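The structure appears below as structure tokens.
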């Protein structure tokens with residue numbers, strides 16, 4: 001895309017109000033530019049408005065296909081297992097223990113299998129990664145020493161260590177979430193960027209703005225309307 005920008009947005013976790021405010025801030029920054037939005041997973045659970053978040057993302061993709069890339073997070077994976085006809089008691093209990101109750105409340109149902117069919121189908125179809133030739137976008141991270149094409153779905157959704165403490169070149173700059181930052185701000189390292197700023201725990205929801213000219217973000221913005229440079 002000519003004169004394009006890419007917004008990478010961290011873990012939303014049902015915080016629709018923060019998502020709505022953040023998208024308004026992104027719209028201000030993307031004026032007169034082609035904009036792509038990459039959401040790095042965990043749209044469900046913990047926050048109060050999972051249904052509104054999923055509705056927004058589905059409608060955005062239908063309206064502007066190609067501009068909205070939504071990746072799968074570990075919470076979507078837990079929901080898929082909990083909603084399956086072949087689920088175990090442990091699958092259901094594990095999901096409920098990690099904020100599934102809030103998702104049920106947002107839909108007004110008492111079982112994950114009762115979520116709207118189109119929402120469940122959309123969640124099941126979410127990809128695990130997105131690569132734009134400069135950056136690799138995933139939910140949790142990658143396993144150091146393993147090529148991008150050979151990364152396991154388990155690691156892409158769940159890994160913390162040894163990824164978080166690794167200084168290795170992973171073959172691409174990795175943009176991820178999954179592990180809330182201690183500072184409540186994006187954590188930019190030489191080989192990765194963590195965008196989980198704890199929105200569902202009272203923190204801000206944050207976006208990183210990438211241009212085609214450089215590898216690292218040129219700017220960050222938050223749902224409160226703040227903008228700052230790395």
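The values are calculated or read from the model by the stated rules, or taken from the named source; none is laboratory data. All of these numbers come straight from a predicted model, not from anything done at the bench. Please note: Cβ atoms are built from the backbone with ideal geometry, for glycine as well, and neighbour counts cover all protein chains shown.
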Residue hits (the stretch 137-150; over 11 Å from residue 40 (Cβ atoms) and under 18 Å from the mean Cα position of the chain (by Cα)) are 142
Out of 216, 209, sole residue that is under 20 Å from residue 30 (Cα atoms) and either modelled with pLDDT under 95 or in a loop (DSSP other than H, G, I, E, B) (or both): 216
Could you say which residue among 223, 132 is closer than 25 Å to residue 76 by Cβ and modelled with pLDDT under 95? 132
If the Cβ limit is 7 Å and pairs must be 6+ apart or interchain, which residue in the stretch 37-51 that is assigned to a helix (DSSP H, G or I) pairs with which residue that is buried (at least 24 other Cβ atoms within 10 Å of the Cβ)? 50/14; 50/43; 50/44; 50/103
Exactly one condition in (1) touching a residue at least 40 places away in the same chain (Cβ under 8 Å); (2) in contact with a strand residue (DSSP E or B) (Cβ under 9 Å, 6 or more places away or on another chain) is not met by residue 228; state its number. (1)
Taking the conditions exactly as written (at pLDDT 95 or above and either over 18 Å from residue 158 (Cβ atoms) or touching a strand residue (DSSP E or B) at 6+ places or on another chain (Cβ under 7 Å) (or both)), does residue 90 satisfy them or not? no
Looking only at the stretch 219-230, count every residue that is in a strand (DSSP E or B) and on the phi > 0 side of the Ramachandran plot and tell me the total. 0
Is it true that residue 65 is farther than 24 Å from residue 224 by Cβ and part of a loop (DSSP other than H, G, I, E, B)? yes
Note: among 128, 210, just one is touching a residue at least 24 places away in the same chain (Cβ under 8 Å), closer than 18 Å to residue 22 by Cβ and surrounded by 15 or more Cβ atoms within 10 Å (Cβ to Cβ), namely 210
Count, please, the residues in the stretch 12-60 that happen to be surrounded by fewer than 18 Cβ atoms within 10 Å (Cβ to Cβ) and either under 12 Å from the mean Cα position of the chain (by Cα) or on the phi > 0 side of the Ramachandran plot (or both). 1
